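The values are calculated or read from the model by the stated rules, or taken from the named source; none is laboratory data. Nothing here was measured: the structure is a model prediction, and the numbers come from that model. For neighbour counting, all protein chains shown are included, and Cβ atoms are generated from backbone atoms with ideal geometry for every residue, glycine included.
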Amino acid sequence: MAKLLWKPGLRGNTKGAIGIGTLIVFIALVLVAAIAASVIISTSFNLRDQAIATSEAARQEVTGPIKILNFYGDRVSTANAGLQWLVFHVTIFSGAQGINMSNMRLNYIDATTSFIYTMRPCATAGSAAVQGSSLYNATEVPAAAGNGWDTASNLCFLDSGNILEIWIPVTTANPSGLLPGTTTQIAFLPCSGPAVTKTFATPSSYDAKTIVPLL
């Protein structure tokens, strides 16, 4: 009789062990599924953000008044902790109309400051830029004849085929200059038409560089 009672007990314990093992496997599958779902959701959000950024870039390609070819920061000296100048090389898209840069405003925006720069008077554009000024400086690179940029004739148009180099005195808006790890936006505001904005973050360290690529 004792033998008969022992065997059913053994079968019950075996069933309990199998049930616990199945539950553990089920919980593990649920956890794996949850992790996989979170990864998929995170990836979908990243892809959405990239798609939005790409569509915005494409929109500016079609409708934007200017095209930013390159830009960098200039510390002038390694003794300066922050960038003293922002330098842009800009042109217009093929087939676009020329832009009167005398009417172009540049809006500098960082975490604590918003500042509007205007271009130096057309007749003096391209002369030595000055820190502390609310004027940005523009000059044609390389200088060429036969287009809309002729300061001697008081013409300051950015036309197809020519490139302007724009110098922005950062310390006018931010006395300490652009420090490492700073997120900043420059908005090109024409008198008419859509604005073009460029948002960027400076590197975490400038090391011994005086010229810091930002594109």
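One residue stands out in segment 149-158 among those that are of a type outside the set (A, V, I, L, M, F, W, C) and surrounded by fewer than 18 Cβ atoms within 10 Å (Cβ to Cβ): the one that is farthest from the chain's Cα centre (by Cα), namely S153. Would a scan of segment 80-87 turn up a residue that is surrounded by 11 or more Cβ atoms within 10 Å (Cβ to Cβ), in the same structural domain as D150 (by TED's automatic domain parsing) and at pLDDT below 80? Checked segment 80-87: no residue is surrounded by 11 or more Cβ atoms within 10 Å (Cβ to Cβ), in the same structural domain as D150 (by TED's automatic domain parsing) and at pLDDT below 80.
One residue stands out in segment 190-215 among those that are touching a helix residue (DSSP H, G or I) at 6+ places or on another chain (Cβ under 9 Å) and assigned to a strand (DSSP E or B): the one that is surrounded by the fewest Cβ atoms within 10 Å (Cβ to Cβ), namely T197.
Against the condition closer than 24 Å to A81 by Cβ, assigned by TED's automatic domain parsing to the domain that holds T78 and either modelled with pLDDT under 95 or within 25 Å of the chain's Cα centre (by Cα) (or both), how does N174 come out, does it pass? Yes. Just one of the numbered conditions (1) of a type in the set (G, A, S); (2) farther than 18 Å from L86 by Cα; (3) touching a Ser or Thr at 6+ places or on another chain (Cβ under 9 Å) is not true of G148: (3). Scanning segment 119-134 for residues that are within 12 Å of I166 (Cβ to Cβ) and either exposed (fewer than 12 other Cβ atoms within 10 Å of the Cβ) or not small (G, A, S) (or both) yields a total of 2. Can I186 be described as within 20 Å of L86 (Cα to Cα) and in contact with a Lys or Arg (Cβ under 8 Å, 6 or more places away or on another chain)? Against the criterion (within 20 Å of L86 (Cα to Cα) and in contact with a Lys or Arg (Cβ under 8 Å, 6 or more places away or on another chain)), I186 qualifies.
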